[in-house]
Amino acid sequence: MEKEKLFKILFMVSLLLTGIVALTVNRNNTSTNFKETPDLKATYMQAVDDKQDILLVFYKHGCPLCETGFPAVEDKIKQVGELKDNQSVLFVDLESDFGKELVSKYDITRTSTLVVIHEGLASENFFYAEETNKEEYAVLSGDINKAFNHFLN
């Protein structure tokens, strides 16, 4: 009888530990593949010089807001399809050297931010995700759509 109780306890503990390990791995093994636009500074400067409309997508590695909302931004970009010659979407790592310059220039206060630039002037900042409860995050589809409407029109 004592062995049976001990076996049940050990079994329950092993299940608990397996669940904790699985949650930890799942939390740290995100599927979002953030990648800053290659040669961001030169690309950005050329787009500005060419008076292109620019959509800046700010993100930070390890940011749960970004992890939540970034796939929706990528989906929206795919929906839009081919951009016009005078339009550019640039991905900005908040922690890169030039990313830090852009954070300052466009007064970025949150990681999951979209900035639309028309004729060299930035519109308001849009957020693509928000924290709804402690450690719970939601995609802000309405703000993503507003940002893209400003960008495309």
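Where a number appears in this text, it was derived from the coordinates with a stated rule and is not lab data. If you're wondering where the values come from, they're calculated on a predicted model, not measured in any experiment. Heads up, the Cβs are rebuilt from the backbone with ideal geometry, glycines too, and the neighbour counts pull from every protein chain shown.
Apply the Karplus curve 6.51 cos²θ - 1.76 cosθ + 1.60, θ = phi - 60°, to the phi angles in region 102-112 and return the couplings in whole Hz, x for Gly and Pro.
3J(HN,Hα) across region 102-112, in whole Hz: 5, 4, 5, 4, 9, 6, 6, 10, 9, 5, 8.
Can you sort 82, 67, 131 by how many other beta carbons sit within 10 Å, fewest first?
Arranged by neighbour count, lowest to highest, 82, 67, 131 become 82, 131, 67.
Report for region 40-152 the percent antiparallel among DSSP-assigned beta bridges with both residues inside it, nearest 5.
Around 65 percent antiparallel, to the nearest 5.
If amide hydrogens are placed 1.01 Å from N in the peptide plane, which non-local residues have theirs closer than 5 Å to the one on residue 128?
For residue 128, the qualifying residues are 113, 114.
Under Stokes-Einstein, with the Kirkwood radius over Cα pairs standing in for Rh, what whole-number D in µm²/s applies to region 40-152 at 25 °C and 0.890 mPa s?
D, rounded to a whole number, is 173 µm²/s.
Tell me, what does the Kirkwood hydrodynamic radius of region 78-135 come to in angstroms if you use every pair of distinct C-alpha atoms?
One decimal place: 13.3 Å for the Kirkwood radius.
Using alpha-carbon positions, what is the distance between the centroids of region 110-126 and region 44-74, in Å?
Distance between centres, Cα-based: 9 Å.
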